[in-house]
Amino acid sequence: MATTSDPNQKTPLEIREIQELAIAISAKNLNPTMLSQEFLKQTGIVPNEWELGKQPVLGPNLSQVTFQNGVSIVAQPRNITFMESIGTKNPSELNIPNIARQYVEKLSNAEYQGLSISPKSLIPFPGGEDGARNYITRTLLSPGSWQDYGKAPVQAGLNLLYQLDRCQFSLSINEAKIQMPDQSSIPALLFAGNFNYNVGSNSQQEILAQLKKGIDDWSSDLKDFQEIVNQRFLTQQQQTVFPGA
């Protein structure tokens, strides 16, 4: 059925891609109650001039501190995650790589176990409400009778695992929605990557060196993620799915 559109409404191609970067560090003895604005500033992990974006959460199972510049830090038992929206920032302007490095340096005695660099990309997808679903089920997956079962179109996601020289890289691709200010939503694809580094059972000094190197190399992981998403998944679809891209 044909539908009419509001000429003043933005099309999916006018909605920018939404990107986020997260750096997660795991440690045996990480206590969420240690995370607070005061702790972060007194230890020099974040600058004193940073202002809170919303009321912090502090608890034994989850603590979260969010700043006005878009940096959010979430602590759970055995894990702390530093998150930041990329938006229009140049990668060199991101704050969390330095914040994560400062955290490791200030808490150098923690029993660290691993590091994950996790970029995400939420891409508006033209082609109607079923555009993103059809891309997964008809382009990334082979069409078949398995799709024709049940009362509604099948929903699918894709999980991939790559073995790189430096680490293991996982990538998930799923349908998503971008919520608009007018409460409407736009179909989108969510690409979520995870570069997983296991620091192993080395000496404390070697573990800290591995963690710092992994954090310092975050830009290579982000670049590789963007390359595989844009060049190996979306490039072949630019003429048919993303006309004019």
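Can you list residue pairs whose Cβ atoms sit under 6 Å apart, with the first residue in segment 165-189 being more than 20 Å from PRO126 (Cβ to Cβ) and the second being open to solvent by less than 10 Å² (accessible area, probe 1.4 Å) and part of a strand (DSSP E or B)? Count only pairs 6 or more apart in sequence or on different chains.
Pairs found: CYS167/PHE195; PHE169/PHE195; LEU171/GLY193.
Provide a single number: the residues in segment 139-151 that are part of a loop (DSSP other than H, G, I, E, B) and either of a type in the set (Val, Ile, Thr) or surrounded by 13 or more Cβ atoms within 10 Å (Cβ to Cβ) (or both).
Residues flagged as part of a loop (DSSP other than H, G, I, E, B) and either of a type in the set (Val, Ile, Thr) or surrounded by 13 or more Cβ atoms within 10 Å (Cβ to Cβ) (or both) within segment 139-151 amount to 1.
Looking at GLN102, GLN64, GLN113, which one is free of Cβ contacts under 8 Å to residues at least 60 places away in the same chain and in contact with a strand residue (DSSP E or B) (Cβ under 9 Å, 6 or more places away or on another chain)?
After ruling out the rest, the residue left standing is GLN64.
Considering only strands (runs of 3 or more DSSP E) fully contained in segment 152-245, which possess at least 3 residues that are touching a Pro at 6+ places or on another chain (Cβ under 8 Å) and at pLDDT 80 or above?
Where strands (runs of 3 or more DSSP E) fall fully within segment 152-245 and carry at least 3 residues being touching a Pro at 6+ places or on another chain (Cβ under 8 Å) and at pLDDT 80 or above, they are 168-179, 185-198.
Pairs under 6 Å by beta carbon, first residue among the basic types (Lys, Arg) in segment 221-238, partner modelled with pLDDT under 95, six or more apart or different chains?
none
Is there a residue in segment 171-181 that is charged (D, E, K, R), open to solvent by 50 Å² or more (accessible area, probe 1.4 Å) and farther than 26 Å from PHE233 by Cβ?
Scanning segment 171-181 turns up no residue that is charged (D, E, K, R), open to solvent by 50 Å² or more (accessible area, probe 1.4 Å) and farther than 26 Å from PHE233 by Cβ.
Of everything in segment 30-87, what is part of a strand (DSSP E or B), over 16 Å from ILE99 (Cβ atoms) and among the polar types (S, T, N, Q)? Give them in sequence order.
Selection gives GLN76 alone.
Looking at segment 18-65 only, could you name the residues that are open to solvent by 50 Å² or more (accessible area, probe 1.4 Å), in contact with a helix residue (DSSP H, G or I) (Cβ under 8 Å, 6 or more places away or on another chain) and among the polar types (S, T, N, Q)?
Listed by number, the residues that qualify are ASN48, ASN61.
Report every pair of residues separated by at least 6 positions or lying on different chains whose Cβ atoms are under 6 Å apart, first residue within segment 67-84 and free of Cβ contacts under 8 Å to residues at least 60 places away in the same chain and at negative phi, second open to solvent by 40 Å² or more (accessible area, probe 1.4 Å) and not hydroxyl-bearing (Ser, Thr, Tyr).
PHE67/GLY53; GLN68/GLU51; GLN68/GLY53; VAL71/ASN95; SER72/MET83; VAL74/GLN64; GLN76/LEU62
Each row is one residue, and each column tells you yes or no for (1) touching a Ser or Thr at 6+ places or on another chain (Cβ under 7 Å); (2) open to solvent by 50 Å² or more (accessible area, probe 1.4 Å); (3) not basic (Lys, Arg).
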residue: PHE67; (1), (2), (3): no, no, yes
residue: SER72; (1), (2), (3): yes, no, yes
residue: ALA75; (1), (2), (3): yes, no, yes
residue: SER85; (1), (2), (3): no, yes, yes
residue: ILE96; (1), (2), (3): no, no, yes
residue: TYR103; (1), (2), (3): no, no, yes
residue: SER121; (1), (2), (3): no, no, yes
residue: PHE125; (1), (2), (3): no, no, yes
residue: TYR135; (1), (2), (3): no, no, yes
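If you check THR81 against the conditions, is it of a type in the set (Ser, Thr, Tyr) and either in contact with a Phe, Trp or Tyr (Cβ under 7 Å, 6 or more places away or on another chain) or surrounded by 17 or more Cβ atoms within 10 Å (Cβ to Cβ) (or both)?
Yes.
The values are calculated or read from the model by the stated rules, or taken from the named source; none is laboratory data. Please read all numbers here as calculations on a predicted model, not as lab measurements. Virtual Cβ from ideal backbone geometry, glycine too; neighbours counted across all protein chains shown. In case anyone asks, the SASA skips ligands and DNA or RNA and just uses the protein heavy atoms, side chains included. Shrake-Rupley method; radii C 1.70, N 1.55, O 1.52, S 1.80 Å.
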